[in-house]
Amino acid sequence: MFKSIRKEIRGIMHRDPAARNSLEVILCYSGFHAIISHRIAHWLYNHRLKLLARMLSQFSRFITGIEIHPAAKIGKRLFIDHGMGVVIGETTVIGDNVTIYQGATLGGTGKEQGKRHPTIGDGVVISAGAKILGPFTVGDNSKVGAGAVVLKEVPPNCTVVGIPGRVVRKDNIPVLAETRVEKVDCDEVDLDQIKMPDPVDDAISCIIERLSKVEEQLKRLEEAE
C-alpha cells in the first residue's frame with residue numbers, strides 16, 4: 001500500500017514542476033487525494049460494499065471537486081492536475097502514467113448498459129476541458145487538446161484537437177499534407193498545452209495562400225491582354 005502511494009507521489013513530482021516535495025503533494029494536491037480515495041472505494045466496490053463505495057466517492061467529490069465512479073479501473077501513477085470538474089465514468093479504464101487536466105470528462109453516450117465509457121491507454125495526456133465520450137479506445141501516448149470533443153477511437157501516438165475531435169498528428173507527423181505545423185520533438189511537448197495544431201486555421205491559411213496565387217495569375221493574364 002505504502003509502496004503504491006510512493007509511486008503515485010513520484011509520478012506527480014515527475015510531471016508537475018510546481019511540486020516541490022512529497023509533503024506538499026500529500027497535503028495540497030486534490031488529484032492525489034482523489035486517487036487515494038478511489039483506490040479505497042474501488043476495493044470496497046469489488047468486495048460488494050457498493051453503497052459504502054459510492055458514499056466514499058461522493059465524499060471525495062465534495063472535498064476535491066473530482067468525481068470518479070468507484071467501479072472505474074485506474075492504472076498506476078495517474079496525475080490529475082488541479083482537477084476541479086474532472087469526471088470519470090463507471091466503465092472507464094485508464095492505463096499507467098496518464099495525465100488529466102481540469103474539467104476533463106471521460107463519459108458515456110446514452111443509457112446503454114455494459115461498457116459505455118472510454119478506455120485510455122498508457123501515457124495519454126488529456127488537456128483541460130476535453131470530453132471523451134463513448135466506449136472506444138484512446139491509444140497509448142496520444143494527446144487530446146484542450147476543449148476537444150472526442151467521439152471515436154484514437155490510434156496510438158496521435159494528437160487530437162477540435163469539435164468533433166480530429167487526428168491532426170500521428171507519430172509526430174502532420175496527418176494532412178496541407179498542414180503547416182512545424183515538426184516538434186514529442187519529448188519536448190509531452191505535457192505542452194500550447195504547441196497544439198489547429199486544423200481549421202491551417203485550412204484557412206491554405207485557402208488564402210491558394211487564392212493569392214490565383215489572383216496573381218489572373219492579374220498576369222489581364223496584363224498580357
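The values are calculated or read from the model by the stated rules, or taken from the named source; none is laboratory data. Quick caveat, the model's predicted, so the values are computed rather than measured. Cβ placement follows ideal geometry from the backbone for every residue including glycine, while neighbour counts extend to all protein chains displayed.
Tabulated results
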{"read-out": "Among residues of the range 88-142, those that are among the basic types (Lys, Arg) and touching a strand residue (DSSP E or B) at 6+ places or on another chain (Cβ under 6 Å), counted", "value": "1"}
{"read-out": "Qualifying position, being free of Cβ contacts under 8 Å to residues at least 60 places away in the same chain and closer than 20 Å to Gly121 by Cβ, among Gly83, Gly75, Gly65", "value": "Gly75"}
{"read-out": "Flag for Val144 being within 22 Å of Lys76 (Cα to Cα), out of contact with any Pro (no Cβ under 7 Å at 6 or more places or on another chain) and either of a type outside the set (Asp, Glu) or modelled with pLDDT of 90 or more (or both)", "value": "yes"}
{"read-out": "Check on Arg116, charged (D, E, K, R) and farther than 27 Å from Pro164 by Cβ", "value": "no"}
{"read-out": "Candidate set: the range 46-71, residues that are part of a loop (DSSP other than H, G, I, E, B) and touching a helix residue (DSSP H, G or I) at 6+ places or on another chain (Cβ under 7 Å); chosen: the one surrounded by the fewest Cβ atoms within 10 Å (Cβ to Cβ)", "value": "Gly65"}
{"read-out": "Residue in the range 190-203 that is at pLDDT 85 or above, surrounded by 13 or more Cβ atoms within 10 Å (Cβ to Cβ) and either farther than 30 Å from Ile80 by Cβ or out of contact with any helix residue (DSSP H, G or I) (no Cβ under 9 Å at 6 or more places or on another chain) (or both) present", "value": "no"}
{"read-out": "Tabulated pairs, the range 200-222, first within 25 Å of Val160 (Cβ to Cβ), second among the charged types (D, E, K, R) and surrounded by 11 or more Cβ atoms within 10 Å (Cβ to Cβ), C-beta under 6 angstrom, 6+ apart or interchain", "value": "Asp202/Arg180; Cys206/Glu178"}
{"read-out": "When residues of the range 210-225 are limited to those that are modelled with pLDDT under 85 and charged (D, E, K, R), the one farthest from Pro17 (Cα to Cα)", "value": "Glu225"}
{"read-out": "In the range 1-40, the residues that are part of a helix (DSSP H, G or I), exposed (fewer than 14 other Cβ atoms within 10 Å of the Cβ) and of a type in the set (Gly, Ala, Ser)", "value": "Ser4"}
{"read-out": "Strands (runs of 3 or more DSSP E) fully within the range 101-174 counting 3 or more residues that are buried (at least 18 other Cβ atoms within 10 Å of the Cβ) and among the hydrophobic types (A, V, I, L, M, F, W, C)", "value": "158-161"}
